[in-house]
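The values are calculated or read from the model by the stated rules, or taken from the named source; none is laboratory data. A quick note: this is a predicted structure, and the numbers were derived from the prediction, not measured. Cβ sites come from the backbone with ideal geometry, for glycine too, and all protein chains shown count toward neighbours.
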Amino acid sequence: MKLEEAAAHWAANINDWYSLDATAEEVMNAFNKNYLDKKTYDDKSYVEVFFKSKDGGFSKWLDTADREGLADCVEVARGKGPLPTYADLGGTLLNKARR
């Protein structure tokens with residue numbers, strides 16, 4: 001899957017979880033700005049490990065950390081702060097909450 005196609009899936013996923021009305025273009029820009037040069041703890045490409053599928057294309061699936069991270073990047077690019085966590089709102093979970 002090409003990045004543009006995957007970004008459309010990622011945007012839909014982010015919008016389902018956080019109601020951000022993020023566009024595929026916003027998500028792709030956030031991805032390009034914040035993930036392309038990111039490395040894993042053992043200096044591997046974060047993109048290759050967490051965003052690519054076995055066939056070398058991009059996966060349409062996001063794990064929780066990357067879904068939350070992309071949503072935060074979209075919000076920061078919009079001039080807002082990152083999404084709050086449930087703990088920020090007085091709960092006990094560190095997962096991100098809807099705005």
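So here's what we get for this one:
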{"read-out": "Elements of type helices (runs of 4 or more DSSP H) contained in region 9-99, each with 1 or more residues being loosely packed, with under 15 Cβ neighbours inside 10 Å, of a type in the set (Val, Ile, Thr) and at pLDDT below 95", "value": "46-50, 64-77"}
{"read-out": "Members of region 4-49 that are of a type in the set (Val, Ile, Thr) and under 17 Å from ALA77 (Cβ atoms)", "value": "ILE14, THR23, VAL27"}
